[in-house]
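Bear in mind that the values in this text are calculations on the coordinates, not laboratory data. Worth saying up front: this structure is predicted, and the values here are computed from it rather than measured. Positions of Cβ are generated from backbone atoms using ideal geometry, with glycine treated the same way; all protein chains shown enter the neighbour counts.
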Amino acid sequence: MAGEKGLVLLDFWVSPFGQRVRIALAEKGLPYEYVEEDLMAGKSDRLLRSNPVHKKIPVLLHDGRPVNESLIILQYLEDAFPDAPALLPSDPYARAQARFWADYVDKKVYDCGSRLWKLKGEPQAQARAEMLEILKTLDGALGDKPFFGGDKFGLVDAAFAPFTAWNKVFRVCVVGGSWLGQSVWVRVAYS
Ligand SMILES: N[C@@H](CCC(=O)N[C@@H](CS)C(=O)NCC(=O)O)C(=O)O
């Protein structure tokens, strides 16, 4: 049964992309039906029909209509539920900045983090150096603020937070364990 807002989430529990959507739905207080797609066992017809292009989770169904790609889902939730707590600021420039950093996380962190997991030897050392630069860049964007958007948890935090669960991998790329970041949830994840 879809939640009272007509929302169904096709997801796989361990997916950082699915976790982004679950975090956003929780922040917004939107009820939804969670449908586990056991990707190890294959893909359901519903998933294949709902995301015929990429065939990936997460998929958010709203009144039966699928929305694909985690960052697009997050932005869709902003548009479709304007009365729910916002994850994007109202100022157009600040919105563009938030989208820029969410896109940066999307392009850089997953790709580099996956290489850290998978590679060994010199290629892994290269990925480690790259990850350090990525985290330093994100730390610079965070600055002294508790969250990327300022005082309030926002879209960039939701986009990045799931990857802090990879802290073991991130730690190996942190020289002397010194990169901690300022954000509340980064501190929690690394403590
Ligand atoms: N860019 C996509 C990535 C989604 C993604 O990679 N999902 C993975 C699970 S973490 C998946 O469904 N993999 C199945 C496959 O690649 O066939 C997003 O942000 O939603």
> Counting other C-beta atoms within 10 Å, which of 73, 23 has the fewest, and how do the rest follow?
Replying inline: 23, 73
> If you stretched the chain out fully between residue 122 and residue 14, how much longer would it get, using 0.36 nm times the residue separation minus the C-alpha to C-alpha distance?
Replying inline: 36.0 nm
> Out of every Cα pair in the stretch 7-80, what percent are spaced more than 17 Å from each other?
Replying inline: 34
>> Could you tell me which residue out of 147, 41, 81 lies farthest along the dipole of the chain toward its positive end? Charges go on the beta carbon: Lys and Arg +1, Asp and Glu -1, centred on the Cα centre.
In response: 41
> Taking other Cβ within 10 Å of each residue's Cβ, how do 13, 101 sort, fewest first?
Replying inline: 13, 101
> Which residue, 91, 63, 144, has the most motion in a Gaussian network model of the chain that connects Cα atoms within less than 10 Å?
Replying inline: 91
> Angle between the Cα long axis of helix 121-142 and the longest principal axis of the chain, 0 to 90 degrees, nearest 10?
Replying inline: 70
> Once the Cβ-Cβ distance between residue 39 and residue 65 is put in as r, and R0 is 25 Å, what FRET efficiency do you end up with, to the nearest 0.05?
Replying inline: 0.65
> Which entries in 56/107; 55/118; 28/152; 5/55 show an alpha-carbon gap greater than 19 Å?
Replying inline: 55/118; 5/55
> At 222 nm, what helix-only mean residue ellipticity would the chain give, in deg cm²/dmol to the nearest 500, using -39500 (n - 2.57) for each DSSP H run of four or more?
Replying inline: -16000 deg cm²/dmol
> Excluding residue 55 itself, what net charge comes from residues whose Cβ is under 15 Å from its Cβ, given Lys and Arg +1 and Asp and Glu -1?
Replying inline: -1
>> At a 10 Å Cβ-Cβ cut-off, how would you order 47, 74, 119, 61, fewest neighbours first?
In response: 119, 61, 47, 74
> For the chain, what is Rg from Cα atoms divided by 2.2 N^0.38 Å, rounded to two decimals?
Replying inline: 1.06
>> I'd like the orientation of helix 92-118 relative to the chain: the angle between its Cα long axis and the longest Cα principal axis, in ° from 0 to 90, rounded to 10.
In response: 70
